[in-house]
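First comes the structure, then the notes that go with it.
The values are calculated or read from the model by the stated rules, or taken from the named source; none is laboratory data. Note that this is a predicted model, so its numbers are computed, not measured. Counting neighbours? That spans all protein chains shown, and the Cβs are built from the backbone with ideal geometry, glycine included. The protein model used for the area step is the full one, side chains on, heavy atoms only, and it has no ligands, DNA or RNA in it. Shrake-Rupley method; radii C 1.70, N 1.55, O 1.52, S 1.80 Å.
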Amino acid sequence: MADPTPTYAAGRVYIAGDAAHASPPTLACGATIGIEDALALVELLSAAGHTGPVGGDRSRSIEVALKAYSYARQERGLWVVRAARRMADVLQWRDGQVGKNDEAAFLAAYEKNTRRIWDVDEDAMVDAMVDEVKREFEKFKAGQA
């Protein structure tokens with residue numbers, strides 16, 4: 001499985017969920033990350049709608065919002081893929097850091113990875129993305145002036 005695509009959006013076309021960051025089922029978080037993507041898209045497109053057309057162009061507003069979505073979700077998507085691969089190695093006793101039959105090390109690796117999924121602050125994620133899209137709108141509008 002290759003790393004996720006370097007961008008999740010081009011123009012007004014985007015990908016989300018497994019299309020953006022398919023990974024083995026070892027973290028059991030595919031649906032969770034897909035729902036986070038959906039939340040990000042809804043909030044960013046809503047922000048684009050409330051901000052108004054960029055330069056009088058509604059499609060440009062959507063492009064700016066999708067660019068912000070891609071930027072905001074890329075790091076987490078890449079982390080999920082890599083962490084799931086590592087957990088596959090741990091579960092199959094191929095991970096050199098955990099070793100064979102080391103239950104405590106296995107549990108520590110599992111806990112570390114799952115905590116990063118479970119303990120995400122969705123509100124902070126959304127706030128940061130909306131702030132980013134607003135900054136992008138302002139930069140674009142400043143260039144149009």
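Annotation note: of 26, 32, the sole residue that is in a helix (DSSP H, G or I), modelled with pLDDT of 85 or more and more than 14 Å from the chain's Cα centre (by Cα) is 26.
Output the number of the condition that residue 50 fails; it satisfies all remaining conditions of (1) surrounded by fewer than 19 Cβ atoms within 10 Å (Cβ to Cβ); (2) within 21 Å of residue 3 (Cβ to Cβ); (3) over 17 Å from the mean Cα position of the chain (by Cα). Unmet condition: (2). Selection over the stretch 55-69 of residues that are small (Gly, Ala, Ser) and open to solvent by less than 10 Å² (accessible area, probe 1.4 Å) gives a count of 3. Kindly indicate whether residue 128 is modelled with pLDDT of 80 or more, touching a helix residue (DSSP H, G or I) at 6+ places or on another chain (Cβ under 6 Å) and on the phi < 0 side of the Ramachandran plot. It is false that residue 128 is modelled with pLDDT of 80 or more, touching a helix residue (DSSP H, G or I) at 6+ places or on another chain (Cβ under 6 Å) and on the phi < 0 side of the Ramachandran plot.
Annotation note: Cβ proximity below 9 Å between a residue of the stretch 103-118 that is open to solvent by 60 Å² or more (accessible area, probe 1.4 Å) and a residue that is hydroxyl-bearing (Ser, Thr, Tyr) (sequence gap 6+ or interchain) occurs for 118/32.
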